[in-house]
1. Would you pull out the residues with amide H under 5 Å of residue 58's amide H, same chain only if 5 or more places away, H placed 1.01 Å from N?
2. Between 114, 89, 315, whose Cα lies farthest towards the positive end of the dipole of the chain when Lys and Arg beta carbons carry +1 and Asp and Glu beta carbons carry -1, centred on the Cα centre?
3. Can you tell me what percent of all Cα-Cα pairs in segment 181-276 are more than 15 Å apart?
4. Using Cα atoms only, what is the angle between the long axis of helix 295-304 and the major principal axis of the chain, expressed in degrees (0 to 90) to the nearest 10?
5. What translational diffusion coefficient, to the nearest whole µm²/s, does segment 230-329 have by Stokes-Einstein, given a Kirkwood radius computed over alpha-carbon pairs, a temperature of 20 °C and 1.002 mPa s viscosity?
6. Counting only GluC sites (Glu not before Pro) that sit in a DSSP loop (anything but H, G, I, E, B) with at most 12 other Cβ atoms within 10 Å, what is the longest stretch of the chain containing none of them?
7. Would you list 339, 165 from the most to the least accessible area, probe 1.4 Å?
8. Among (i) 26, 51, 22, 1; (ii) 28, 59, 11, 2, 0; (iii) 27, 53, 19, 1, find the value of P(r) over Cα pairs in 20 Å bins from 0, in percent that was calculated from the structure presented, and write down its label.
Amino acid sequence: MRRASLLLFEQSTVSTPVIITDDTQAMHFALQLAGQSMYITSPNPRVGCVIVRDSHIIAKGRTQPAGQAHAEAAALSDAQARGIDLRGATAYVTLEPCSHHGRTPPCADALIASGISRVVAAIEDPNPQVSGAGIAKLRAAGIATEVGLLANEAREMNIGFFSRMERGRPWVRMKIAASLDGGTALTNGQSQWITSAAARTDGHAWRARACAILTGIGTVEQDDPQLTVRGIDTPRQPQRIVLDSALQISPQAKVLKGGGSWIVTSASNASREATLMAAGAELIHLPAQEDKVDLQALMRELGRRQINELHVEAGFKLNGSLLRAGVVDELLVYLAPCMLGPAQGMARLPELQALDQRLSFRFHQMQPVGDDVRLLLRLPP
């Protein structure tokens with residue numbers, strides 16, 4: 001989303017009403033609303049809804065924190081609070097309205113009761129409890145309903161939610177800060193700071209949108225990170241996770257401060273576990289594979305725990321293990337305009353005997369950030 005477009009929408013709904021000329025423009029506004037809920041909805045998807053009549057937006061809403069109003073309900077409440085009759089209006093929503101009772105009532109039922117005559121949904125909900133049932137309910141009630149407008153953009157907004165619903169595991173984004181020659185730290189371990197302050201702030205925004213942040217015991221022992229979001233206005237901190245196969249973590253590690261961190265291990269040590277639990281940590285025991293935690297099992301467990309987006313900030317060893325296990329979906333790489341010479345690399349991968357064995361990605365986004373360049377890379381479909 002472009003910030004300029006978001007400001008245009010915010011200003012238009014407060015002062016001079018914007019004229020809606022077509023469905024695509026209205027859905028763009030709904031997507032911008034969804035983006036305003038980026039940091040608050042987990043484990044629910046980020047959804048926006050605008051209601052239009054006579055070419056004007058007459059109500060709007062976005063998903064609130066889990067257990068509170070969905071976007072459609074928020075938009076309907078907005079209209080009700082201002083005494084607006086919604087008969088004959090069109091609702092544009094970035095995800096199919098839900099049709100089941102969860103923590104909140106079905107949005108499809110609320111739309112039907114409102115008297116709205118048309119609903120345009122960007123994409124079908126991947127949740128098996130919905131998955132077309134909301135659309136069917138609206139159509140059965142005589143509401144003209146369409147699906148598929150700006151579907152790619154709507155899926156990107158909730159790429160982790162789609163991953164969890166369709167694959168049973170989170171969308172895994174691996175963040176790396178590196179020099180032009182691929183160095184992430186000097187051979188003595190020094191890495192602060194390769195990239196600029198602007199890149200580090202941008203990285204915290206990506207942390208904030210994730211449900212959880214994962215690192216390894218090597219990074220904890222070397223850097224003692226907090227793994228918290230800083231410098232970004234966010235109402236919640238992502239879940240902190242440490243992968244510690246042998247249960248080596250110190251109870252004094254900063255990542256444990258405040259309690260609630262998850263330590264994932266394949267070891268068993270009653271006394272150490274008791275000490276760590278006393279420090280507020282939760283132990284997650286998973287099976288081992290080659291004396292390390294089974295990473296496929298880890299992703300399934302995180303999916304079960306409703307983690308949509310997993311943000312990885314680890315060292316080259318764990319990065320390599322995750323890549324070799326085939327569980328990484330996306331690389332978030334900040335490249336600084338410098339060279340380090342002999343240094344720790346991005347990931348420890350096995351030596352190849354032929355180029356056709358290489359792990360290939362495709363460029364998804366490229367963006368200057370401060371003095372650096374941010375690359376978003378994905379595996380080919």
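The values are calculated or read from the model by the stated rules, or taken from the named source; none is laboratory data. Quick caveat, the model's predicted, so the values are computed rather than measured. So basically every Cβ, Gly included, is an ideal-geometry build from the backbone, and we count neighbours across all protein chains shown. Protein only, heavy atoms only, side chains kept; ligands, DNA and RNA dropped before computing areas. Shrake-Rupley method; radii C 1.70, N 1.55, O 1.52, S 1.80 Å.
1. Answer set, sorted by chain and number: 51, 52, 53.
2. 114
3. Tail fraction, whole percent: 66.
4. Compared with the principal axis, the helix lies near 30 degrees.
5. The calculation lands on 148 µm²/s.
6. Numbers: sites that count: 290, 351.
The longest uninterrupted stretch comes out as 1-289.
7. Working: 339 145, 165 50 Å².
Sorted by accessible area, descending: 339, 165.
8. Answer by label: (i).
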